[in-house]
Amino acid sequence: MSDKYIARSTQVASRKLGDEMVIMSAVDSTLFSLSEVATLIWQAADGKTPLSEIARRVSTEFEVAPDAAYRDAESFVDELASHGILRVSDQPILPSARGAWEAA
Amino acid sequence: MTATAVSSENYLTTPEAAASGVTIEIGDVPVRLESDNDDFRRMMEERYSGFVNSGSPPAYRFRVSIESPSEPSDDDARVWKQGRTWIFERGDFRAEWNAACRRGSIRQSLNPYSADTVLRIVHSLVLAEQGGFLLHAASAVRNGRAFLFTGISGAGKTTISRLAPPDAPVLTDEISYVRPAASGYHAYGTPFAGELARVGANLSAPVAALYFLEKGPTNCFEPIEKIAAARSLLRNILFFAHDEELVKRVFDAALGFVSRVPVTRLVFTPDERVWNLIA
């Protein structure tokens, strides 16, 4: 299985509100609210941590089966990527290549 | 004066009373509109009655050039930044503002609406820098505390303002002015009037609560999730500029506000008894 790497866009504003992370795209002002699990993934999206490692943390912390954790994480990052607030790559996303994508 | 009026004056040494003008102080931020046109100055003094404070040293000055007549425009104003200068433009006016130099210029016809829009934009930008915002909301002071009432058009902002008892001076029936304070937030009166066409009381008070209005068969409070409140609040904040940094600031301001201020839904039937709940 080839792994994935994810990096947050810098063109967003994010803030914890209670247990949830709220994110707003600075480009089109779309608002997203993330669950605790999604928040863990979002915060780990540093461009260099493989998605498999992030899913492993989710599996451990939230007591989810590893396969299910990976599938859910993959689906989540694809959705955020479709809104342009997360970049997904099959290689580490280096700071020099990030541009509008947040450095670790 | 041309459109590039934000230019070569020495901003630090220009005498205070160099030009005739009207200083309009909203939210403790005096903005001076300078013009040689007597009719314009008189129009501003009448429109902003209660908020004119000629004794206040202006935080910002605008040189207003009155040009050939044009009809007021219903279009949205466009606001963008060119270098350090903000440009505001609509069919009936064009303004430039360099916030760092505290100077700007407005070219408009002789009408009260163009400068009013410029003032709203300037205050929204100033507040964004301070973690505050202008909100589509009525607000009133009772027992020394401010209550904000927001909602979609027709939700009841004008109605709740009209029903306010004598001991609850209305800060505005249209646009509320909110700024963080040492503890919590303060709301200020504004002259930005809605359907009541009545300038708000020039007062300020700490914000006690924000209510999302909804008309219903009875008067009661209903809880609202913080996330839903943040969403609704963001929809009602006046926001003119599609500038990424500003979007982030407004987002932070809105979420900071719902984190710190009691926010609830107020279902009300349009009679004065609703004010029994607000104290």
Förster radius 56 Å - calculated FRET efficiency between B:GLN130 and A:THR60 (Cβ-Cβ, nearest 0.05): 0.85
Overall form of the protein assembly as shown per C-alpha gyration tensor (a/c, 1.5; a/b vs b/c): oblate
Debye, to nearest 20: dipole size of region B:133-277, +1 on Lys, Arg Cβ, -1 on Asp, Glu Cβ: 200
Label-point gap, in nm, between A:SER75 and A:SER2 - each point 7 angstrom along Cα→Cβ: 2.3
Net charge dipole size for chain A [Lys, Arg +1 and Asp, Glu -1 on Cβ; Debye, nearest 20]: 400
Span from the region A:23-50 Cα centroid across to the region B:212-257 one, whole angstrom: 20
Sites A:ASP67 and B:ALA197, calculated FRET efficiency, Cβ-Cβ separation with R0 51 Å, nearest 0.05: 0.20
Cα-centre dipole for chain B with unit charges at Cβ (Lys and Arg positive, Asp and Glu negative), debye to 20: 740
For chain A: rounded, prolate or oblate by the Cα gyration tensor [a/c cutoff 1.5]: oblate
Separation of the B:SER54 and A:SER29 label points, Cα + 7 Å toward Cβ, nm: 3.9
Selected from B:PHE40, B:ALA77, B:PRO30, residue furthest toward positive end of dipole (region B:21-130; charges at beta carbon): B:PRO30
Long-range HN-HN contacts of A:LEU17 with modeled amide H, under 5 Å: A:VAL22
Alpha-carbon centroid distance for the pair region B:141-178 / region B:79-96, whole angstrom: 31
Charge-dipole axis of chain B as Lys and Arg at +1 and Asp and Glu at -1 on Cβ define it, positive-most pick from B:LEU233, B:ALA208, B:SER49: B:ALA208
Lysines with Cα under 23 Å of B:LYS226, excluding same-chain neighbours fewer than 8 positions away: A:LYS16, B:LYS157, B:LYS215, B:LYS248
For chain B: rounded, prolate or oblate by the Cα gyration tensor [a/c cutoff 1.5]: prolate
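Here, each number is a calculation from the coordinates, and none is a lab measurement. The model shown is predicted, which means the values in this text are computed figures rather than measured ones. Don't worry about glycine lacking a Cβ; one is built from the backbone with ideal geometry, like all the others, and counts go over all protein chains shown.
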